[in-house]
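Nothing in this text is a laboratory measurement; each read-out follows from the coordinates by a stated rule. The structure displayed is predicted, hence computed values, not measured ones. Neighbour counts are summed over all protein chains in view; Cβ atoms, including those assigned to glycine, are modelled from backbone coordinates with ideal geometry.
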């Protein structure tokens with residue numbers, strides 16, 4: 001198959017490309033300004049295509065002769081995300097979906113997250129709904145992108161897939177490395193109110209994406225998580241102790257919004273990335289777990305790392 005990976009210069013897109021390089025598929029890495037990782041440039045079966053998701057005309061060539069698109073591209077660490085997310089999370093997806101349909105792409109996989117259904121818990125896990133009411137702009141715009149994808153594919157030959165992944169952990173994953181950096185310096189903190197999360201080990205996530213690419217019957221919404229959701233506080237405590245550091249500080253919830261406001265203000269003034277935003281804190285404080293039964297039936301019958309305890313070595 002010819003597989004187009006957007007956001008290939010980023011974190012998870014680069015991981016997927018490395019996971020699949022050397023396999024039976026031809027990979028086309030879509031980039032904008034940032035070049036892809038050096039180890040992928042010139043690798044067998046890998047080509048690099050430059051395009052701009054804001055420019056629909058530039059996407060026609062990127063999608064030509066492509067069988068499947070995996071869409072990762074987005075913006076994360078930038079101030080005032082409520083100003084740009086409607087464009088980067090929705091308009092860019094609309095542009096890419098239109099180009100894919102015009103080029104006759106057979107499958108479009110959108111990487112999403114279970115937060116789009118709003119708050120969920122082990123008693124009421126996220127499923128495959130498209131009528132959620134999430135509080136964060138990150139989740140609201142990703143949900144709008146999902147809705148557009150499924151509506152646009154109705155009556156077409158392109159199969160839509162949304163992979164809603166929980167917290168992806170593993171060496172090299174940006175959020176995990178940020179937590180490690182903070183923990184080493186005794187700066188890692190978390191609020192005390194228990195917040196449910198549903199982790200998934202990086203190798204299992206990548207295997208799930210590859211299965212969604214390769215299995216013709218894969219279609220619709222899949223929640224990607226391991227067998228044992230836990231709280232964010234438990235996850236960070238376990239990770240810190242595994243790294244040999246102290247557990248994170250417990251701080252009041254309001255203090256994180258203050259810190260995020262300061263980060264956004266300084267980043268906006270200096271024109272730099274913002275490691276924290278208020279909307280990022282908002283989505284981080286939303287509990288979520290998901291019903292993963294469908295991936296086990298159709299995509300990944302057995303997880304290599306079914307719980308965090310089995311995956312600790314990946315941290």
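Are any residues in the stretch 24-57 free of Cβ contacts under 8 Å to residues at least 24 places away in the same chain, closer than 23 Å to residue 205 by Cβ and exposed (fewer than 15 other Cβ atoms within 10 Å of the Cβ), and if so, which ones?
24, 39
Only one of (1) over 18 Å from residue 77 (Cα atoms); (2) in contact with a helix residue (DSSP H, G or I) (Cβ under 9 Å, 6 or more places away or on another chain); (3) in contact (Cβ under 8 Å) with a residue 60 or more places away in the chain fails for residue 2. Which number is that?
So the condition that residue 2 fails would be (2).
Can you tell me which residue in the stretch 66-104 is surrounded by the fewest Cβ atoms within 10 Å (Cβ to Cβ), limited to those that are touching a strand residue (DSSP E or B) at 6+ places or on another chain (Cβ under 6 Å) and not in a strand (DSSP E or B)? It would help to see each step written out before you state the result.
Residues of the stretch 66-104 that are touching a strand residue (DSSP E or B) at 6+ places or on another chain (Cβ under 6 Å), as a first pass: 66-73, 100.
Now restrict to residues that are not in a strand (DSSP E or B): 66-67, 72-73, 100.
Working: 66: 23, 67: 15, 72: 22, 73: 22, 100: 26.
Once the filter is applied, the top-ranked residue is 67.
Quick test for you: out of 267, 304, pick the one residue that is farther than 21 Å from residue 126 by Cα and in contact with a helix residue (DSSP H, G or I) (Cβ under 8 Å, 6 or more places away or on another chain). Before the answer, list the steps.
Details: 267 fails: in contact with a helix residue (DSSP H, G or I) (Cβ under 8 Å, 6 or more places away or on another chain).
Testing whether each residue is farther than 21 Å from residue 126 by Cα and in contact with a helix residue (DSSP H, G or I) (Cβ under 8 Å, 6 or more places away or on another chain) leaves just 304.
To keep it simple, each residue is scored yes or no on (1) under 21 Å from the mean Cα position of the chain (by Cα); (2) more than 20 Å from residue 225 (Cβ to Cβ).
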residue	(1), (2)
165	yes, no
171	yes, no
179	yes, no
184	no, yes
189	no, yes
194	no, no
198	yes, no
201	yes, no
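Need the failing condition index for residue 224 against (1) more than 23 Å from residue 172 (Cβ to Cβ); (2) surrounded by 13 or more Cβ atoms within 10 Å (Cβ to Cβ), just the number.
(1)
Say whether the condition of being over 17 Å from residue 114 (Cβ atoms), outside any loop (DSSP other than H, G, I, E, B) and in contact with a helix residue (DSSP H, G or I) (Cβ under 9 Å, 6 or more places away or on another chain) is met by at least one residue in the stretch 211-218. Can you show your working first?
Here is the first cut: in the stretch 211-218, the residues over 17 Å from residue 114 (Cβ atoms) are 211, 213-218.
After this cut, where a residue has to be outside any loop (DSSP other than H, G, I, E, B) as well, the list is 211, 213-214.
With in contact with a helix residue (DSSP H, G or I) (Cβ under 9 Å, 6 or more places away or on another chain) added as a condition, the list becomes 211, 213.
Yes: the stretch 211-218 contains one or more residues that are over 17 Å from residue 114 (Cβ atoms), outside any loop (DSSP other than H, G, I, E, B) and in contact with a helix residue (DSSP H, G or I) (Cβ under 9 Å, 6 or more places away or on another chain).
Can you find a residue that is on the phi > 0 side of the Ramachandran plot and either without any contact (Cβ under 8 Å) to a residue 24 or more places away in the chain or touching a strand residue (DSSP E or B) at 6+ places or on another chain (Cβ under 8 Å) (or both) anywhere in the stretch 220-240?
Step one: of the stretch 220-240, the residues on the phi > 0 side of the Ramachandran plot are 220.
Those still in the list that are either without any contact (Cβ under 8 Å) to a residue 24 or more places away in the chain or touching a strand residue (DSSP E or B) at 6+ places or on another chain (Cβ under 8 Å) (or both) too: 220.
Yes: the stretch 220-240 contains one or more residues that are on the phi > 0 side of the Ramachandran plot and either without any contact (Cβ under 8 Å) to a residue 24 or more places away in the chain or touching a strand residue (DSSP E or B) at 6+ places or on another chain (Cβ under 8 Å) (or both).
Can you tell me which residue within the stretch 180-209, out of those that are surrounded by fewer than 14 Cβ atoms within 10 Å (Cβ to Cβ) and in contact with a strand residue (DSSP E or B) (Cβ under 7 Å, 6 or more places away or on another chain), is farthest from residue 275 (Cα to Cα)? Full working, then the answer.
Applying the first criterion (surrounded by fewer than 14 Cβ atoms within 10 Å (Cβ to Cβ)) to the stretch 180-209 yields 181, 184-187, 192-194.
Filter once more, so that each one left must be in contact with a strand residue (DSSP E or B) (Cβ under 7 Å, 6 or more places away or on another chain): 192, 194.
Values: 192: 21, 194: 23 Å.
Ranking the qualifying residues of the stretch 180-209, first place goes to 194.
When you scan the stretch 256-315, how many residues do you find that are outside any helix (DSSP H, G or I), touching a residue at least 24 places away in the same chain (Cβ under 8 Å), within 22 Å of residue 190 (Cβ to Cβ) and within 19 Å of the chain's Cα centre (by Cα)? Break it down stepwise before answering.
In the first step, residues of the stretch 256-315 are kept if they are outside any helix (DSSP H, G or I); the result is 271-277, 285-292, 299-307, 315.
Pick out the ones that are also touching a residue at least 24 places away in the same chain (Cβ under 8 Å) and you get 273-275, 277, 285-292, 299-300, 303-307, 315.
Applying the additional criterion that residues be within 22 Å of residue 190 (Cβ to Cβ) yields 273-275, 277, 285-290, 307, 315.
Applying the additional criterion that residues be within 19 Å of the chain's Cα centre (by Cα) yields 273-275, 277, 285-290, 315.
Final tally of qualifying residues: 11.
Out of the stretch 118-149, which residues are in contact (Cβ under 8 Å) with a residue 40 or more places away in the chain, over 16 Å from residue 81 (Cβ atoms) and assigned to a helix (DSSP H, G or I)?
Passing the criteria: 146, 148, 149.
So which residues in the stretch 151-179 are in contact (Cβ under 8 Å) with a residue 12 or more places away in the chain and surrounded by fewer than 18 Cβ atoms within 10 Å (Cβ to Cβ), if there are any at all?
Pass one, the stretch 151-179, residues in contact (Cβ under 8 Å) with a residue 12 or more places away in the chain: 152-153, 156-174, 176, 178-179.
Residues satisfying the conditions are 156, 157, 171, 172, 174, 178.
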